[in-house]
Structures are given as C-alpha cells and as structure tokens.
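Engineer: Could you have a look at this structure, given as structure tokens, before my questions?
The values are calculated or read from the model by the stated rules, or taken from the named source; none is laboratory data. Note that the structure is predicted; figures quoted are calculated from it, not measured. Heads up, the Cβs are rebuilt from the backbone with ideal geometry, glycines too, and the neighbour counts pull from every protein chain shown. The accessibility values were calculated without ligands, DNA or RNA, using every heavy atom of the protein model including side chains. Shrake-Rupley method; radii C 1.70, N 1.55, O 1.52, S 1.80 Å.
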Amino acid sequence: SSGINAEWPLRPGDGEDLARPSEEEIEKNTESTRSALEKLINAKIAAAQPNKVAIAAGQQEPPKYIRYTPSQQGVNYNSGAKQRIIRMVEAQKDPMEPPKFKTNKKIPRGPPSPPAPVLHSPTRKVTVKEQQEWKIPPCISNWKNPKGYTIPLDKRLAADGRGLQDNTMNDNFAKFAEALYIADRKAREAVDARVNLEKVRAAKEKEQKEAQLRMIAQRAREERSGIIRENEDEDAAERDELRQQRQRERQREQRIRRANPGKAKKKKVPTATLR
C-alpha cells in the first residue's frame, strides 16, 4: 500500500469516498438484491411451466361477483327471481395435463453474417479460340432418344469415340480365316468327288443292266422264232452265272445300306423270266 500511495497520492476528501460501507448498508443491499433476483427467477419459472397450478405461482385472481338481471321477468322464469348474483372463479388447471399447443416450433434463423467478398480479376473480352475450347458437345446416346431428334451418323460416330482409338487386329485372325477357307474348299472337293464317283458307278450299273436286258430279250426272240440251240448246257451255265451275278449285286447293295443308311437308295433290278 505504501508503494501505491507513493505512486498515486490521495487527494483531500478521497478517504471519505473510499471508506467501507457499514454492516447495515451491506445487509440492506443484499436483501434488495436477493428479492430482485427471486422475483426474476419466479417469473422465469412460471413462464417456462404454463401448466403449473396458478395458486402455486401466485397468479390466481380472486373471485368476482356479477349482478345479473334477466330480460324476461315473471314467476315462470328464473325461479321467480328478478336478479341473480354470479360468482366467477378461475378454473383450476391440472398440473399433469399434457400441453395443448406445440411449444417446440422451430423458429427460422436470422440472416447470417455477410459472406466474405470474392475478389475477381477484371473482365476481359473472350477470343474465338477460347470460345471453341469451352464449347462442350451435347451428349448423344446410342440407346435413348426421348426427344426423337434426327441425329446425323457422323455426330453419332464422333460421340461414340471410335475415331479416337486405333483398331489393331491380331494376325491369328487372318490365319484362322484362311484355315477355315481351306477346310471348306477341301470339304467341297471331297463331296464333289464322292458325287462324281457315285454317278460313274450308277452309269456303269445301268449299262450292265441294259446289256443284260438286251441279252435276255434276244434269247426270248430266238426261242419264239423256233431256233434250236445246239448246246443246252451252255444256256444253263449262262443262267447260273446270271443268278450268281444278281446275288452279288444284292449283297453289295445290302453292304452299302448298312454303311450309309441315310444315303442308300433302293435300286430296282428288272426281273426277267428265266426258262
């Protein structure tokens, strides 16, 4: 305190203002402050609890008496009374009653603080090159066209992106295609060779059968004309040989049917009367 007094010396009359208050003044200020705080707190509590009984909050009004004179007078009205006294009392509230009104309604927030200013460079004129660089082509789909627009093929191909990638083909594709072509050609040649062989074989068989038929017809004409054969044994040998030949042909046809049941055709062998 000596240092403080040395730096700031007291002026005459300052000692009286800086003197401590008495005990009575302290108690008086404390009571007034307590009462003011209690009043504020009770008001806050009562405002926060609207369903609380009014008597506990000290807000219930005293009853009121109202004199009522009905417009219709007579013995048949109001039990014969000319006037009535009405006692108005505030209805008691149930402390356990749920709230009738919503008190948790959200209130929109106030306007926020203004945003920080965005500093832009001064505007400059856009060149044609920049406009073309910033130009974004429209999206073209190969599957959907809800508006029904007629889109050129070059636009579709450009949107597809086929021109942006190089198509590389493997050499094995060419080898595989060439192998298929050679196999197909050889298969066709084999089929043609089989067909030609069958045609030649059928022609030979046809010639043999025609020769046999001519020979049989010649014999029949000779027998009708009365020509006597010199040697009957030769005729019997020829007939036996003809029978054996036909038997071999039937056996051969059966073998062909067993080998190719789908392609084999039944060949009709003309029959002749042997005598």
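Engineer: Given axes a ≥ b ≥ c from the Cα gyration tensor, I'd like to know whether region 68-140 is rounded (a/c under 1.5), prolate (a/b larger than b/c) or oblate. It would help to have the intermediate numbers written out before the result.
Structural biologist: Values: a/c = 4.89, a/b = 4.09, b/c = 1.20.
It comes out prolate by the Cα gyration axes.
Engineer: Mind checking region 151-219 for GluC sites (Glu not before Pro) that DSSP puts in a loop (not H, G, I, E or B) and that have at most 12 other Cβ atoms within 10 Å?
Structural biologist: In loop regions of region 151-219 (DSSP not H, G, I, E or B), there are no sparsely surrounded GluC sites (Glu not before Pro).
Engineer: Between ALA158 and GLU178, what is the FRET efficiency for a Förster distance of 30 Å, r being their Cβ-Cβ separation, to the nearest 0.05?
Structural biologist: Efficiency, rounded to the nearest 0.05: 0.30.
Engineer: Any idea which of GLY110, VAL89, THR127 is furthest toward the positive side of the dipole for region 75-142, if Lys and Arg beta-carbons carry +1 and Asp and Glu beta-carbons -1?
Structural biologist: VAL89
Engineer: Among 167-174, 78-85, how do they line up from the highest to the lowest mean number of other beta-carbon atoms within 10 Å?
Structural biologist: On the way: 167-174: 7.4, 78-85: 10.6.
Ranked by mean Cβ neighbours within 10 Å, highest first: 78-85, 167-174.
Engineer: Next up: May I ask you to list the trypsin sites (Lys or Arg not before Pro) in region 148-233 that are in a DSSP loop and have at most 15 other Cβ atoms within 10 Å of their Cβ?
Structural biologist: Counting only loop positions with at most 15 other Cβ atoms within 10 Å, the trypsin sites (Lys or Arg not before Pro) in region 148-233 are ARG229.
Engineer: Additional query: Taking only the alpha carbons of region 112-193, what extent do you get along each of the three principal axes, in Å, biggest first?
Structural biologist: 96, 34, 33
Engineer: What translational diffusion coefficient, in µm²/s and rounded to a whole number, does the Stokes-Einstein relation yield for region 62-213 at 37 °C and a viscosity of 0.692 mPa s, taking the hydrodynamic radius as the Kirkwood radius over Cα pairs?
Structural biologist: Stokes-Einstein gives a translational diffusion coefficient of 103 µm²/s.
Engineer: Here's something else I'd like to know. Return the loop-located chymotrypsin sites (Phe, Trp or Tyr not before Pro) in region 118-168 (DSSP other than H, G, I, E, B) with at most 11 other Cβ atoms within 10 Å of their own Cβ; answer none if there are none.
Structural biologist: Details: sites: TRP134, TRP143, TYR149; in loops: TRP143, TYR149.
Passing both the DSSP loop test and the Cβ count: TRP143, TYR149.
Engineer: Can you give the accessible area per residue of region 34-180, in Å², using a 1.4 Å probe?
Structural biologist: Details: 15290 Å² over 147 residues.
Accessible surface, normalised per residue, equals 104 Å².
Engineer: Starting from the Cα gyration tensor of region 146-220, take the square roots of the eigenvalues, sort them a ≥ b ≥ c, and report rounded, prolate or oblate (rounded when a/c is under 1.5, otherwise prolate if a/b is larger than b/c, else oblate). Can you show the working numbers first?
Structural biologist: Values: a/c = 12.19, a/b = 3.18, b/c = 3.83.
Here region 146-220 falls in the oblate category.
Engineer: Next question, about the same structure. Would you mind checking the pairs LYS28/LYS64; LYS39/LYS93; LYS186/LYS206; LYS64/LYS93; LYS44/LYS93; LYS186/LYS209 and listing those with alpha carbons more than 28 angstrom apart?
Structural biologist: Details: LYS28/LYS64 39 Å; LYS39/LYS93 23 Å; LYS186/LYS206 30 Å; LYS64/LYS93 18 Å; LYS44/LYS93 19 Å; LYS186/LYS209 35 Å.
Listed pairs above 28 Å: LYS28/LYS64; LYS186/LYS206; LYS186/LYS209.
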